[in-house]
Every structure is written in C-alpha cells, then in structure tokens.
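Right, one structure below, let's go through it.
The values are calculated or read from the model by the stated rules, or taken from the named source; none is laboratory data. Fair warning: this is a prediction, and the values are worked out from it, not measured in the lab. Don't worry about glycine lacking a Cβ; one is built from the backbone with ideal geometry, like all the others, and counts go over all protein chains shown.
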Amino acid sequence: MIDLMDGHVVHARFGERQLYQPIQSSLCASSEPLVVVEALLELYPFEKLYIADLNAIQGRGNHREMISLVRQRYPELKLWLDAGVGEANDLRSWLDITLDMVIGSESLDSLADFETIKKCCTAQNYVLSLDFTAQGFQGPDALLHQSQCWPQRLIAMTLSRVGSNSGPDEQILRRLINRAHGQAIYAAGGVHDLSDIQDLQQMGVAGALVASALHAGRLTGGDIAAICGPN
C-alpha cells in the first residue's frame, strides 16, 4: 500500500491528510514512488499494490504519469487505485492504464452515483472501499446498509487507524462480514505486526492493506511468506 501526495510516497496517519509527510522507511532512503515500490517488491513479491492518489482524492490534480510508470515498470503487478472517483466521468482519465479502480465511499454523494459507476466497470476491474473515520461511516448510508449492491471485493478502510499501529478495527470488520454475501473483505488501517494478520485470517478476512508495519520493519518478508507462502 502506498499513499501518493505531491510527488512523494507519504506516511499516512489517522486520515489527517494535511499533516502527511514524505515517508521515512527502513526499506529505502527515498520517498520517490518508483524507489518505494521497488523496495516493497524486494521485501516480498507482492501480487497486488494498492495506491491512494491523495491529490486526486482531494481534487488537486493527480499522479497519472507516475502511476503509468509503475504500470510500465511492473506489468504483472495488479494495481488497485483510489483516485477519488465520485462519478462515472472521473473514470476517463484512467482508461488507458490497466488497473482495478477502487471506488471510495467518501468520494460518493449518493448510491445512484455508485450504481452509475458500476455500469461503466466490470466486476473484475473495480473494488469498493467502505471508508470510516472516528466520526463514523463516510459516504451514502444506503451504500453501507444495502449489501446486495456490494461487488465481490470490498475494502474496510478505517482511516482513523491508518498509520496508528493500534490494530485493525475488529468491530467494523465483523459487522461487514456479517452483512456480506460471500464478498472478499480486505482490512485497511491499524495493522501492527504478524499477530494482527493472523487474527484477521482467523476472522475470515481475505487480506490486509499494510504500509507502516512494513516500513518500520515490524512485518518482514519472512512473516508474509509464513502467511502467504514463499511465492
């Protein structure tokens, strides 16, 4: 997982984006996106990379050129991109880059907007992120409660725990698992170490979006291999 802001990979903390700073990582000495991606893939040959384009999410341009370079450098890597898509027209900027678009609930004004976006996608090339802060769910309430409209892949994004190392929000995860109809649910926010990953696995969570634990060295390539295999 990487968060892009103003040309750098930044350290996301608690969803307070105005305070994010270029990342300081034990894996590399740079916050330049291609360097960080290379370091992550040297740690472990991940099959997927989640990218949050925070400029796009905040309506301040985007990192389209940089993301295109990542796509060219790593053609086999599956990219999940949250670029603040709130309506179908927002998809146009990304049509020529092979990736899976993450539709974040915080960017949606209504369930109707989500349904319109769905019609422009296939089930294989988009993911729904249900976004939560300390104030609660961010997005149309109908989207949270009408699980029949959820796609097959779902991210439970607890923004208030991102970068906190406080552990995943198990209450939110269990609530979504109980509402789901067989969807694969991915946890995002708060993962501290291997123990958290193992707990999520036992809950039935399909995977986790992790950044801080990797850059701090609390989650190693060996730890990931113990869960996912050597790949």
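Points worth noting:
- Criterion: over 17 Å from Leu27 (Cβ atoms) and in contact with a Ser or Thr (Cβ under 7 Å, 6 or more places away or on another chain) - qualifying residue of Gly189, Gly207: Gly189
- Of all residues making up segment 104-118, the number that are crowded, with 19+ Cβ neighbours inside 10 Å, among the polar types (S, T, N, Q) and part of a loop (DSSP other than H, G, I, E, B): 0
- Summed over segment 78-89, residues that are touching a residue at least 12 places away in the same chain (Cβ under 8 Å) and either over 18 Å from Phe46 (Cα atoms) or in contact with a Pro (Cβ under 9 Å, 6 or more places away or on another chain) (or both) total 7.
- Residue ID - modelled with the lowest pLDDT, chosen from residues in segment 134-150 that are of a type outside the set (Phe, Trp, Tyr) and assigned to a strand (DSSP E or B): Gly136
- For segment 40-84, the candidate set comprises residues that are among the hydrophobic types (A, V, I, L, M, F, W, C) and over 23 Å from Tyr186 (Cα atoms); within that set, the residue that is surrounded by the fewest Cβ atoms within 10 Å (Cβ to Cβ) is Leu69.
- Pick from segment 10-47, criterion of a type in the set (Val, Ile, Thr) and at pLDDT 95 or above, ranking: farthest from Val102 (Cα to Cα): Val35
- Residue in segment 97-105 that is more than 17 Å from the chain's Cα centre (by Cα) and without any contact (Cβ under 8 Å) to a residue 40 or more places away in the chain present: yes
- Test for Ile185: is it surrounded by 14 or more Cβ atoms within 10 Å (Cβ to Cβ) and under 17 Å from the mean Cα position of the chain (by Cα): yes
- Selection of segment 151-168 for residues being crowded, with 20+ Cβ neighbours inside 10 Å, over 15 Å from Glu106 (Cα atoms) and modelled with pLDDT of 90 or more yields only Arg153.
- Just so you know, in segment 73-131 the residues that are touching a strand residue (DSSP E or B) at 6+ places or on another chain (Cβ under 6 Å) and aromatic (Phe, Trp, Tyr) include one that is modelled with the lowest pLDDT, and it is Tyr126.
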